[in-house]
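Data block below; observations after.
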Amino acid sequence: MKYFILFGPPGAGKGTQAAAMADRYGLCHISTGELLRAEIAAGTELGLKAKSLIESGALVPDEVVEGMIESKFESTKGVEGFLLDGFPRTTAQAVALDGILARRSAEVTSLISIMIPDELIKERIRHRAVIEGRADDTKDEVIENRIRTYHDKTEPLAEFYKKAGKYNEIDGTGSIEEVSGRIFGLMDNL
Ligand code: AMP
């Protein structure tokens, strides 16, 4: 079983690329952001707690997303592996993921980082706001807070996976097809 991590700032195109990657390599795509939005839409207790955090551009507590990931691993059968999108987002989550995988006698296969410059982040998010209508994509201060959260809490994770020899980076600028081409070129050899 393979465990890939898709990494990059908000607006890098992780969700779009994850769908194509899951399809091509037979992977189960797990987006913690999508799982949280589904909880909010269903009006669950967890969704109610997560809503204000998400709408302010902050992260939800580590234990919440760690629990979601582990139960998704346990309930999913018949796939070649998993593609994690938006998780891990903190060093604590990365350490927890190693623990979850160790219990499954597995480890992270590889991390693929989609890199885009800061100027492009806001442009991409504004474009997505029109298409997807996400509440956290519309307000400037929320977008700024998500970018800050990414730089402060998530970007340091790159070092964690570089040290583990699992870090791969691709250029996320250009068209969807161009970026997919770069990702497939890399993954075909992993
Ligand atoms: P995303 O769809 O990945 O951009 O996630 C949307 C929002 O969900 C984030 O801004 C966070 O508030 C929350 N979220 C998603 N994944 C995580 C995670 N791994 N840890 C903490 N919060 C998360």
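Summary table
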item	result
Within segment 161-190, tally of residues that are assigned to a helix (DSSP H, G or I) and either open to solvent by less than 60 Å² (accessible area, probe 1.4 Å) or touching a Lys or Arg at 6+ places or on another chain (Cβ under 8 Å) (or both)	9
Residues satisfying the stated conditions in segment 111-135, i.e. open to solvent by less than 40 Å² (accessible area, probe 1.4 Å), touching a residue at least 60 places away in the same chain (Cβ under 8 Å) and among the hydrophobic types (A, V, I, L, M, F, W, C)	111, 112, 114, 116, 120, 121, 125
Residue identified as open to solvent by less than 20 Å² (accessible area, probe 1.4 Å) and either touching a Gly at 6+ places or on another chain (Cβ under 7 Å) or at pLDDT 95 or above (or both) among 42, 50	50
Positions within segment 11-33 being under 11 Å from residue 180 (Cβ atoms) and among the polar types (S, T, N, Q), in sequence order	16, 17
Scan of segment 33-65 for residues that are free of Cβ contacts under 8 Å to residues at least 12 places away in the same chain and either in contact with a Lys or Arg (Cβ under 6 Å, 6 or more places away or on another chain) or near the ligand (Cβ under 7 Å from one of its atoms) (or both), ordered by number	53
Residue in segment 58-74 that is more than 26 Å from residue 186 (Cβ to Cβ), in contact with a Ser or Thr (Cβ under 7 Å, 6 or more places away or on another chain) and assigned to a loop (DSSP other than H, G, I, E, B) present	yes
Counted residues, segment 18-32 - those being within 13 Å of the ligand (Cβ to nearest atom) and out of contact with any Lys or Arg (no Cβ under 9 Å at 6 or more places or on another chain)	2
Pick from segment 97-110, criterion in contact (Cβ under 8 Å) with a residue 24 or more places away in the chain and away from the ligand (no atom under 16 Å from the Cβ), ranking: nearest to the chain's Cα centre (by Cα)	110
Unmet requirement for residue 30, which otherwise passes all of (1) part of a loop (DSSP other than H, G, I, E, B); (2) under 15 Å from residue 2 (Cα atoms); (3) open to solvent by less than 50 Å² (accessible area, probe 1.4 Å); (4) in contact with an Asp or Glu (Cβ under 9 Å, 6 or more places away or on another chain)	(1)
Pairs with Cβ under 7 Å, 6+ apart, first in segment 136-157 and within 19 Å of residue 94 (Cα to Cα), second at pLDDT 95 or above and in a helix (DSSP H, G or I)	156/91; 157/91; 157/94
Segment 68-96 residues that are farther than 14 Å from residue 3 by Cα, paired with ones that are surrounded by fewer than 14 Cβ atoms within 10 Å (Cβ to Cβ) (beta carbon under 8 Å, 6 or more apart)	91/156
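The values are calculated or read from the model by the stated rules, or taken from the named source; none is laboratory data. Just so we're clear, the structure is a prediction, and the values are computed from it rather than from any experiment. FYI the Cβ positions are ideal-geometry reconstructions off the backbone, even for glycines, and counts take in every protein chain you see. Surface areas here come from the heavy atoms of the whole protein model, side chains and all, with no ligands, DNA or RNA. Shrake-Rupley method; radii C 1.70, N 1.55, O 1.52, S 1.80 Å.
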